[in-house]
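Structure first, commentary second.
The values are calculated or read from the model by the stated rules, or taken from the named source; none is laboratory data. Note that the structure is a prediction, hence the values are computed from the model and not measured. Here the Cβ positions follow ideal geometry from the backbone for every residue, glycine too, while neighbour counts run over all protein chains shown. Just so you know, the surface numbers come from the protein's heavy atoms only, side chains and all, with ligands and any DNA or RNA stripped out. Shrake-Rupley method; radii C 1.70, N 1.55, O 1.52, S 1.80 Å.
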Amino acid sequence: HSQSNHEMRQSLLFFLLLSVVLQPYIAQCKLLQDTTLDLVEIVWQHEASAIYIGSPSILKVNCSSKDTGVVWLASHDYFGSGFIGMTRNVTIYSSEDTISWSQLAVVPDAYWGNMFSLVANNRDMKDDVIYLLGTSSDVNASISIHRSVDCGRSWDGAVLSQPSFATGPTPVAVYNNTIYRAMEYWASPQIWPTSFQAMMLYAPLDSGDLLDARSWTMTPPLRFDKAWIPANWTQTQPLQAPGYLEGNAVIGPNNEIYNILRFNALPYTNKAIILRLDQNKNALIFQQIIDFPGGNSKFVIRRDPVSGLYLSLVNNVTNTVDLNMRNILFQYSSM
């Protein structure tokens, strides 16, 4: 017994001495990088805070005050259990070389937004007009739009419609001098995702002021209809909580305007829903359910103006173990 105490004292002394010797090195330890990929980190948030970065958006705009004549802007909001009760804002960062980034502005009462830019109508203005279109919050949210005419340094804003709405940072689409943006009405009792109802906002670019709610037209909300679900699905594996959300405004190859939405179809995966905008009737019309890699998580669809390809970054579900997997990022294209 006395020998054991002696060994314990020796071990304790050894670890005390070791800690003294290594203290300078321990103090210099740093967190490992998040990734080994050749990526540029714009902003980082420690996961221990239970506050997470969401709703990313990035934009290249003409800015005459910069030596290069252009500036890159990035935006995001925050979410998570550690962010409950905090003000919903969007943070803006800027870079002239896409390598070094610095915080530029904070846009108040903004959430789930996506930036886009338009050429100024005023010929004396050399800078693009930048917009941030989304909601005012993540609970009982209005549709909000913000605008910057000084390369993202300052912003003014307006409410386009009162609560309650939801969306994701999905892109706008422009065709025939009209801008389109998909959105969801979040109907009572606001159950995710079955209470979401699809909408489309659109406005003529020559309307004068996109911050004027009167410039915009909104389709009536379209409730998800279980009759759209194929009969063989419900017979084999009934859907757990079918619903759609985070729609994308997309100009089709035939110049039709579509709303392509994330489809929560579990236990089925990799599906999306296409709605078509009938602008004469100001209504969204169900078209079909399609196979879409990663369709049960948020995605964005953009069209490359050079090749004409439709491009999307997705979290494709590749196994049956975790149907909500989001740990592999894919890029897909479509003609």
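General remarks:
- Tally, over the range 59-71, of residues that are open to solvent by 60 Å² or more (accessible area, probe 1.4 Å) and either touching a strand residue (DSSP E or B) at 6+ places or on another chain (Cβ under 9 Å) or over 17 Å from L104 (Cβ atoms) (or both): 3
- The number of residues in the range 309-323 that are out of contact with any Phe, Trp or Tyr (no Cβ under 6 Å at 6 or more places or on another chain) and in contact (Cβ under 8 Å) with a residue 40 or more places away in the chain comes to 3.
- Residues located in the range 78-94, provided they are over 16 Å from W155 (Cα atoms) and touching a Gly at 6+ places or on another chain (Cβ under 8 Å): Y78, F79
- Check on A74, at pLDDT 85 or above, of a type in the set (G, A, S), open to solvent by 60 Å² or more (accessible area, probe 1.4 Å) and not in a loop (DSSP other than H, G, I, E, B): no
- Identification of strands (runs of 3 or more DSSP E) wholly contained in the range 164-220 with 3 or more residues that are under 19 Å from the mean Cα position of the chain (by Cα) and at pLDDT 95 or above yields 178-186, 196-204.
- Total residues in the range 244-262, condition over 19 Å from the mean Cα position of the chain (by Cα) and either buried (at least 21 other Cβ atoms within 10 Å of the Cβ) or in a strand (DSSP E or B) (or both): 2
- Among the candidates A272, A283, A265, the residue that is among the small types (G, A, S), touching a residue at least 40 places away in the same chain (Cβ under 8 Å) and open to solvent by less than 60 Å² (accessible area, probe 1.4 Å) is uniquely A283.
- Some residue of the range 51-58 being surrounded by fewer than 18 Cβ atoms within 10 Å (Cβ to Cβ), of a type in the set (A, V, I, L, M, F, W, C), part of a loop (DSSP other than H, G, I, E, B) and touching a residue at least 12 places away in the same chain (Cβ under 8 Å): yes
- Condition met for R147 (part of a strand (DSSP E or B), of a type in the set (D, E, K, R) and open to solvent by 10 Å² or more (accessible area, probe 1.4 Å)): yes
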